[in-house]
Amino acid sequence: MDLLAYVAQVLIIILAPLAVGLALGVDRKITARMQNRRGPPVVQPFYDIGKLLAKRPLLLNSFQVVFAGAALLFQAAALALFVAGGDLLVAFFVSGTGAVCLVMGAFSARSPYSYVGGQRELVAILAYEPVLFLAILAIGLEGSFLVSDIGGGLLYSLPLVLLTLVPVLVILLEKSPFDVPTAHQEIMSGPYVEYSGPYLAIAEVARWFQLAFVFGLVTLFFWSSDPVVSIAGKLALAFVVLFVTIVIDNITARLTRGRMVRFMLTAGVGLVAINLLLLFVVRQGVF
């Protein structure tokens, strides 16, 4: 691989979480318009990160720093593996380790609110990780587990798998009906409640990297031989999925933890299984 390709990969790794921050700003703007409000500026997430970085660091214990930094490193490593064309399964497990680090950071604080937030985050991980794992397995079985070897056609062969990534993103974006960990009307901030200042900024940026990895999986479903069309199509598909999550957020109310897990482990797993079954039946020549 030449130097230009390495530079391009580094730029993507840097720009991808920034694009997620911009998407979160667009999300807030669209949500405000749907609710007949003006809403914050699109770059508000970057203002928030800058303000947090400027605050005086406050900690309950040093483990919070360790786990926040570990979450950021693992999520960044997962995105780097994806961008470099590495193994999707390895990237999945690395990202999952980063998610668990955030929970451990919540449990490290001797606070009942942080502990409850950590418990709810674990429930959310139990809900979306199996579905995300099966979606990656389906992608690997249809194409390849190596991102660099995945070609086109996933949108046509695995449409239900793409659909399962929508509720996964609803959970990761902390939207209704699956905003159980943060539960804004109940336990504000959830696992982040005892983080403040630059350490809260680190945890939030780690979430941006995690979202960039999952949105990267979404972009795999579109491919074109024309590089310009391919990039435009991938961005358009990612925006469509984001818009669907925004609509779901604005027309639903929060479900209980049990209902969230049951829905993800039945509807999510079921959709992946149906898609693979139909694909097998069609390829066997039954239809």
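Any read-out appearing in this document is the output of simple, stated calculations on the displayed coordinates, not a laboratory observation. Remember, it's a predicted structure, so these values are computed and weren't measured experimentally. All Cβ positions, glycine included, derive from the backbone under ideal geometry; neighbour counts span all protein chains shown.
Observations on the model:
- Multiplying the residue separation of residue 5 and residue 226 by 0.36 nm and subtracting their alpha-carbon distance yields 77.8 nm.
- Three-way shape label, the chain, alpha-carbon gyration tensor, a/c 1.5: prolate
- With Cα atoms, 0 to 90° folded angle of helix 269-283 axis to the chain main axis: 10 degrees
- Cross-link partners of residue 234 among lysines, defined as those whose alpha carbon lies under 30 angstrom from its own and excluding same-chain residues fewer than eight positions apart: 29, 175.
- Reachable aspartates and glutamates, given that their alpha-carbon falls under 14 Å from the alpha-carbon of residue 51 and they are not under 8 places away in the same chain: 204
- Cα gyration tensor category, rounded, prolate or oblate, for region 1-99 with a/c compared to 1.5: oblate
- Cα gyration tensor category, rounded, prolate or oblate, for region 168-250 with a/c compared to 1.5: oblate
- Helix 227-251 axis, angle to the chain major axis (alpha carbon atoms, nearest 10°): 50 degrees
- If R0 is taken as 22 Å, the Cβ-Cβ distance between residue 278 and residue 166 corresponds to a FRET efficiency of 0.70.
- Phi angles of region 115-129 translate, via the Karplus equation with coefficients 6.51, -1.76, 1.60 and θ = phi - 60°, into HN-Hα couplings of 5, 4, x, x, 4, 5, 5, 5, 5, 4, 4, 4, 7, 9, 5 Hz per residue; Gly and Pro are given as x.
- Helix 159-172 axis, angle to the chain major axis (alpha carbon atoms, nearest 10°): 0 degrees
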